[in-house]
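The values are calculated or read from the model by the stated rules, or taken from the named source; none is laboratory data. What you are looking at is a predicted structure, and each value in this text was computed from that prediction instead of being measured. When we count neighbours, we look across all protein chains shown, and the Cβ atoms used for this are built from the backbone with ideal geometry, even at glycine. With ligands, DNA and RNA removed, areas are computed over all heavy atoms of the protein, side chains included. Shrake-Rupley method; radii C 1.70, N 1.55, O 1.52, S 1.80 Å.
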Amino acid sequence: MKILNLNKSEHRFRLVGILLVSFFLVTSVFAPVIAPYDPYERVGTPFERPCLEHILGCNDVGHDLFSELIYGGRVSLFIGLFASFYSTLVSSLLALAAGYYGGRTDRLIMRTVDVVMSLPFLPLVIVLGVFLGPGISTQIIVITTVMWAHPCRELRSQVMKIRESGYIDAARSMGERSIVTVFRHVLPELMPLIVPQFVRVVQQAIMIESSLSFLGLGDPVLKSWGSILFFANTRAAFLTGAWVNWVLPPGLCIAMTVLGFSFIGFSLGGRIGLSYYPFGSFILKRKKTSNDAPADDVRLSVNELVTVYNPVLNQCVAVNDVCFDVKKGEMLGLVGESGCGKSTIAMSVLGMLRYPAEISQGVIILDGKDLLSFSRQNFAKIRGRRIAYIPQNAMNALNPVVSIKKQLIEAVLTHQTISRAAAVERVREVLEMVEIPEDRINAFNHELSGGMKQRVVIAMALVNNPDFLIADEPTTGLDVLVQQEIVRLLVRLKQQLGLSILFITHDLPLVMTYSDKMAVMYQGEIVDSGSVDEVYYNSTHVHTKALFSSFPCLFEQKRWKRDAFLQEGQASLVLENVTKSFYSKRGLFAKGLKPVYAVKDVSLSVMPGEVVGLIGGSGSGKSTIARLVMGLETQDEGKIFINGLELAGKSRRMKQEILRDIHLVFQDPYQSMRSHMKIFDIVAEPLRIHGTRGRAEIDARVRNALREVSLPCDDGFLLRHPSELSGGQRQRLSFARAIVINPKFIIADEPTSMLDVSLRSGLLELMEKLRSDHGVGFVFITHDLALARHFCDRLLVLNDGSIIEQGESDDVVFSPVENYTKRLISAVEEPDLMKSSRALSV
């Protein structure tokens, strides 16, 4: 496989680099043992030619040049390493300050970076060297001064990216101090970038040291490779013919040392993601299992497909003996729990498996052609042209700095040899097809709503008139109104263009309502398939039956019945007329004329042990309310009380104490926990933030919290990382982190949106257990109106930042007052099959 060849190539570069650098480091450290003479003593005649006693001969004073060369490495490497250390230290600290704190700190630091980088490099080095005078300290100061700016700029951009991560918001919401967050979370994530930056600075620092010494700005007493060149130049080495053994050896040492560090830097860059691994190749020696040609009306045929990860060591079979056909103009819905192999099938069909995944056997035929027989180049020609893909995380699939028009034009010109004018016309056609207004053609990613972004991604997939479309979770994270719009758009395009669609989703009602056929996956295998009616009425596998039974319908009997809630005592959470607005920039310094209200005049209260649901469309203000309560944003107007204490105006320590009684569970369990932290440290983090120091107490409370959420608490599990857990386990881990400090209530922001149907029910059972056993109240933010109605005591409907309707959950669902609420309820998909079954059961 070519991916393996690339890894071997990087490994060879790294090995060669380490060998070169190690050789010079060892010879420099052991110079007194290796060097035959003291480099400062006269041991031969001036300009003595190379011989057995003096391998490189002697200089004009009679010093042994070989001994000087060995000792010179000590000074050159010492200055290079120490100057690089200080330069990297300065750049890292300033990047952390600028990237994390932003504002005036960021502007001041980055303007200083701009000034330093705008100055001519060589004259700046010379001026500083002359001003400070010759010496080692001068060289270190000069190198640090001129080398910190560029790494600072690169590291700062990465810090800004890390700052927006879910685990940073999680730490802030738990009350962790900014300086602690920087060094506990940001710096460890930044280290894989700091190391190659240090290596790159080293190679340049050695060159600068040599240049300064050659110009006479080094320490004239100490021997370095640069000073050897300086004395060779000033003492007529080029006139006497001694330059071969006097000039070339230190020059080669400088070149080989820099080359060694360059090789190491290149390999580290590939390792940490500065360069991307290409997609794994499906061009393998595989066992072809079937020679039967599919029927003429079949667009895509997958037969006995087996895809494995780590095929050499610890083989994991992700897709096992999968067979299915998708006919022309047909939509096949593929459902199953997280990790069952749905997306791996999509990547296998697209030829986009990443190392170490590979197809070990099977046949994939598109319109009579075996895709696995294609070369990488030939497959690239049909990917995006004949077969298109809507990625799982479509919200982040668009380039934020390029307009949608340019991105679509690029997709057209990649596969079609047409003029730019024709490409623009095709872009206008496809945008009209997906119902995007023409005046939005030059819009950027951040200027589009969630539904508009999804439509643009669909347009990008369809712009080259493909025959087959793979839609991988195209409705995840969208509210029910937008979900309905997107799926109906796909169905209309299927009928209009004759598309065949593989529709991968967690949403059973969408599949049952709109798909022609469906297939159910479990542990890498398709366990049930056929028409929707056949699978629903005649399912043969226990997992399929569990999927259907675990899905709560909006109007069925309420699953979580509680006694009438008594509104007595002090509320755990109170919002009084809270408003939060944002301004869009209209220039370098000016704010937009009109504020955009994310939350407008919102008032609500949550009693101890009560479950209040916040429902509404995307952008209605639900998550902003959560961030305001947790102190991640500051309200413009209004007051927020937690257990009777107002959050605004309190000291940092007092805010931390108030936030102890509240915890935010984030929407994305994959982003809200740092992947390199152990499970023990993740759950223990709130305890450490709030002052618990005893190891035994922390250990006991962590294990107890894990038991409460039905996760293992043995030593082996505590030492695992989040990447080793399933989606459901990660979300349970989020709740373990929440309850470890015994909060009074929990804000759960879309905790089920990224989970399949079976895991959603389990998570809600966990939340109900926490409520009944510990009296924990919940603010349950969700797009899923059915789950909200079944689980919540009260529902609050938000639209455009305001609460437009509220009441008991059954009252809101069965007797809505506002038209917007009625639209939300009518958009909830409940397949006719489920309605019929519910009617029969009644």
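General remarks:
- Of the set (1) assigned to a helix (DSSP H, G or I); (2) more than 56 Å from the chain's Cα centre (by Cα); (3) polar (S, T, N, Q), all apply to Thr45 but (1).
- When region 174-198 is filtered for residues that are open to solvent by 10 Å² or more (accessible area, probe 1.4 Å) and farther than 30 Å from Lys650 by Cα, the ones remaining, listed by number, are Pro188, Glu189, Met191, Pro192, Leu193, Ile194, Val195, Gln197, Phe198.
- Taking the criterion of being at pLDDT 85 or above, more than 32 Å from the chain's Cα centre (by Cα) and charged (D, E, K, R), the residues of region 523-546 that qualify are Asp528, Asp533, Glu534.
- Against the list (1) open to solvent by 50 Å² or more (accessible area, probe 1.4 Å); (2) in a helix (DSSP H, G or I), the condition Gly72 fails is (1).
- Region 19-69, subset farther than 19 Å from Leu248 by Cα and of a type in the set (S, T, N, Q), residue least open to solvent (accessible area, probe 1.4 Å): Ser22
- Test result for Arg660, in contact (Cβ under 8 Å) with a residue 24 or more places away in the chain, outside any strand (DSSP E or B), open to solvent by 40 Å² or more (accessible area, probe 1.4 Å) and of a type in the set (Lys, Arg): yes
- Selection status of Ala171, among the aliphatic types (A, V, I, L, M), in a helix (DSSP H, G or I), open to solvent by less than 20 Å² (accessible area, probe 1.4 Å) and within 24 Å of Leu687 (Cβ to Cβ): yes
- Of all residues in region 366-373, one or more are surrounded by fewer than 22 Cβ atoms within 10 Å (Cβ to Cβ) and of a type in the set (A, V, I, L, M, F, W, C).
- Among the candidates Leu448, Leu431, residue that is farther than 18 Å from Gly384 by Cβ and either surrounded by 13 or more Cβ atoms within 10 Å (Cβ to Cβ) or modelled with pLDDT under 85 (or both): Leu448
- Qualifying residue in region 570-582 (condition: loosely packed, with under 14 Cβ neighbours inside 10 Å and either within 30 Å of His446 (Cα to Cα) or modelled with pLDDT under 70 (or both)): yes
- A residue that is charged (D, E, K, R), modelled with pLDDT under 90 and under 34 Å from the mean Cα position of the chain (by Cα) occurs somewhere in region 11-19.
- Checking Gly99 against (1) surrounded by fewer than 22 Cβ atoms within 10 Å (Cβ to Cβ); (2) modelled with pLDDT of 90 or more, the condition it does not meet: (1)
- Subset of region 487-524 that is under 16 Å from Gln454 (Cα atoms) and outside any strand (DSSP E or B) - its residue that is most open to solvent (accessible area, probe 1.4 Å): Arg488
- Some residue of region 405-414 being open to solvent by 50 Å² or more (accessible area, probe 1.4 Å), among the hydrophobic types (A, V, I, L, M, F, W, C) and modelled with pLDDT of 85 or more: yes
- Complete set of residues in region 720-739 that are in contact with a strand residue (DSSP E or B) (Cβ under 9 Å, 6 or more places away or on another chain) and either closer than 18 Å to Asp784 by Cα or not in a helix (DSSP H, G or I) (or both): Gln731
One line per residue, one yes/no per condition, for (1) open to solvent by 40 Å² or more (accessible area, probe 1.4 Å); (2) within 18 Å of Phe78 (Cα to Cα); (3) part of a helix (DSSP H, G or I); (4) among the charged types (D, E, K, R):
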{"site": "Leu122", "(1), (2), (3), (4)": "yes, no, yes, no"}
{"site": "Val125", "(1), (2), (3), (4)": "no, no, yes, no"}
{"site": "Val130", "(1), (2), (3), (4)": "yes, no, yes, no"}
{"site": "Ile141", "(1), (2), (3), (4)": "yes, yes, yes, no"}
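- Condition check for Val363: β-branched (Val, Ile, Thr) and either more than 28 Å from the chain's Cα centre (by Cα) or within 26 Å of Leu497 (Cα to Cα) (or both): yes
- Residue match in region 525-542 (condition: assigned to a helix (DSSP H, G or I), surrounded by 14 or more Cβ atoms within 10 Å (Cβ to Cβ) and among the hydrophobic types (A, V, I, L, M, F, W, C)): yes
Each row is one residue, and each column tells you yes or no for (1) at pLDDT 90 or above; (2) under 30 Å from Val709 (Cα atoms); (3) hydrophobic (A, V, I, L, M, F, W, C).
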position	(1), (2), (3)
Asp756	no, yes, no
His790	no, yes, no
Asp811	yes, no, no
Asn819	yes, no, no
Ile825	no, no, yes
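- Within region 458-486, the residues that satisfy the criterion of being assigned to a helix (DSSP H, G or I) and open to solvent by less than 10 Å² (accessible area, probe 1.4 Å) are Ile458, Ala459, Ala461, Leu462, Ile486.
- Checked against the criterion of being open to solvent by less than 30 Å² (accessible area, probe 1.4 Å), in a loop (DSSP other than H, G, I, E, B), farther than 30 Å from Pro722 by Cβ and aliphatic (A, V, I, L, M), the candidates Leu222, Leu217, Leu212 yield just one match: Leu217.
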